[in-house]
Amino acid sequence: MQELTITRHNALIDPLLSIWSWQIPVYLFLGGLVAGIMIISGYFVLQGQYKKNVFSCFYLPHIALVLLSGGMGALFLDLEHKLYFWRLFTTFQVTAPMSWGSWLLMIVYPALWVNTLIRIPERYQGKVPIFDRWSAALNARPVLIKNIGIANMLLGTLLGMYTGVLLSSFGARPLWNSAMLWMLFLVSGLSAAAAFVHLITTDEYERELLAKADNAFLTLELFVFGGFITGLLTNSRVHKDAVHLLLDGPFAPYFWVLVIGMGVLLPLAIQLLAVNHKIKHTALAPLLVLAGGLALRFVIVFAGQFSRWS
Amino acid sequence: MARFGMAIDTVRCVGCMDCVVACKTENSVPEGFNRDWITTEVTGTFPTTHLEIRSERCNHCDDPPCVSCCPTGASHVHDLGAVVLVDADKCIGCKGCVASCPYGARFIHPDGYADKCTFCIHRVEQGLLPACVAVCPTHCMHFGDLDDPNSDVSTLLASRRHHVLLPDAGTKPRIYYLT
């Protein structure tokens with residue numbers, strides 16, 4: 001028998017840690033989605049698709065800027081000492097992933113912005129003459145455009161990794177303390193971005209391509225889930241206890257039904273039928289993927305706070 | 001550089017909570033929050049049970065995860081005694097340090113910054129003992145330099161059985177419990 005009686009009852013700490021609410025999962029989801037969008041958009045730029053009137057090159061960087069700002073807004077809402085936000089940019093703490101992330105975002109914004117200048121959509125042309133001049137200058141240098149594509153892919157990968165590394169660096173929370181978490185969030189971000197393009201593109205080629213890519217990402221995500229779970233199950237007692245929160249504990253219904261069932265397996269089945277021309281493409285599968293990606297962040301953030309050393 | 005730590009005699013501690021009240025009074029800890037607290041642990045099977053009463057607080061770890069994860073440097077190790085402190089003017093309230101502490105020793109002050117035990121550094125700088133140690137009616141709490149072999153805490157640790165909390169978490173805590 002072990003019976004503990006503790007007189008402490010600090011808000012948000014006791015009886016179980018609950019410091020992060022909806023803002024952090026939303027921030028991590030939007031960060032992952034933008035990371036995936038940057039990789040996909042960068043890939044299309046690299047392939048020279050920006051010369052055609054295809055969706056990815058024309059609008060994705062613009063949408064990513066809005067989504068990223070939404071994520072940053074959610075993060076800002078979570079801060080308890082909001083007026084001191086600027087302190088993040090007065091220092092660089094080499095051991096703090098959050099510090100790396102803050103500075104990474106300072107590079108991601110201009111990379112996305114330059115990406116928007118490669119092709120300014122027709123209805124916006126002439127509105128800001130200097131942007132048109134810069135766009136013309138960029139288009140006169142194809143090698144530079146390729147480098148912008150590469151930079152977007154690279155920074156997107158780092159951003160997607162960062163959303164996982166941020167959590168996995170907390171050794172006091174055994175569920176997050178996995179070397180597979182960055183991979184899980186990166187693949188999930190790619191899958192969400194592919195689903196997002198699939199959902200809103202009007203280009204038939206792009207829809208088909210992204211649906212196929214999403215199927216590959218979803219399949220890969222299942223393997224990464226396997227690695228994540230196996231890694232924790234074969235670890236120390238506290239890590240085993242932590243992963244059981246997802247497998248058969250209080251978070252199991254959300255994990256199995258929302259994340260694995262409706263977020264991965266069902267859309268994968270629908271999209272496999274669609275790309276094999278058994279059924280038509282509908283909005284259902286990409287919507288499920290996006291909802292599943294958001295549910296994954298909620299489940300991991302909330303369950304992770306419940307996991308602890310004891 | 002000194003390395004401050006505590007040795008708390010669990011055989012003498014009666015869980016009176018004088019240390020808790022002294023800390024709240026000395027440091028104006030807001031209502032509903034505690035920088036230190038009492039844990040009572042009962043282990044074993046009746047009739048061979050064992051009772052341990054502990055006065056707990058921030059462990060001022062030698063390898064503090066709250067410091068390494070802080071994105072602004074607000075959480076830092078002070079020059080005097082390697083005490084782990086928070087600079088409220090640098091803290092953005094991201095709560096990363098709260099998540100990183102395996103002991104649950106930190107909380108968010110109602111004014112928005114992370115807060116925790118400071119070993120009463122303002123008193124120690126004047127040559128006084130931390131408030132909790134000074135008021136303990138059973139003299140079960142001992143404070144001093146762990147790197148000084150002649151200090152009160154070092155001699156106790158050399159002569160008594162002791163343990164720390166959650167040693168497997170790898171943070172190298174500096175609060176020792178004498179058994």
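Summary of values
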quantity: Dipole magnitude of chain B, debye to nearest 20 (Cβ charges: Lys/Arg +1, Asp/Glu -1, about Cα centre); calculated: 280 debye
quantity: Residue among A:Arg141, A:Arg123, A:Arg237 with the largest mean-square fluctuation in a Gaussian network model of chain A, springs linking Cα atoms under 10 Å; calculated: A:Arg123
quantity: Ordering of A:43-50, B:143-150 by burial proxy (mean other Cβ atoms within 10 Å per residue, highest first); calculated: A:43-50, B:143-150
quantity: Kyte-Doolittle mean at least -1.0 and Cα axial length at least 24 Å: DSSP H helices in chain A; calculated: A:23-46, A:55-78, A:97-118, A:142-168, A:181-200, A:204-233, A:284-306
quantity: Top positive-direction residue, dipole computed over chain A with Cβ charges, set A:Val187, A:Leu17, A:Val143; calculated: A:Val143
quantity: GNM result for chain A, Cα springs below 10 Å: residue of A:Phe85, A:Phe29, A:Phe170 fluctuating most strongly; calculated: A:Phe85
quantity: For region A:135-219, convex hull volume per residue from C-alpha positions, Å³; calculated: 127 Å³
quantity: Of A:Leu258, A:Leu233, A:Leu30, the one that fluctuates the most in a GNM where chain A has Cα springs shorter than 10 Å; calculated: A:Leu233
quantity: √(5λ) per eigenvalue of the Cα gyration tensor, region A:251-293, largest first, Å; calculated: 22, 9, 5
quantity: Cα Rg over Rh - region A:44-97, Kirkwood; calculated: 1.21
quantity: Rg/Rg_ref, the protein assembly as shown, where Rg_ref = 2.2 N^0.38 Å and atoms are Cα; calculated: 1.15
quantity: 25 Å tail of the calculated P(r), chain B, as % of Cα pairs; calculated: 32 percent
quantity: Cα gyration tensor shape for region A:23-306, rounded if a/c is under 1.5, else prolate or oblate; calculated: oblate
quantity: Acute angle (nearest 10 degrees) that the helix B:18-27 long axis makes with the longest principal axis of chain B, alpha-carbon atoms; calculated: 20 degrees
quantity: Exposure proxy ranking, count of Cβ atoms within 10 Å, fewest first, for B:Met141, A:Met38; calculated: B:Met141, A:Met38
quantity: Cα centroid separation - region A:235-264 against region A:120-172, whole Å; calculated: 36 Å
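Throughout, read-outs are computed from the coordinates displayed, never taken from laboratory work. Just so we're clear, the structure is a prediction, and the values are computed from it rather than from any experiment. Neighbour counts run over all protein chains shown; Cβ positions are idealised from the backbone, glycine included.
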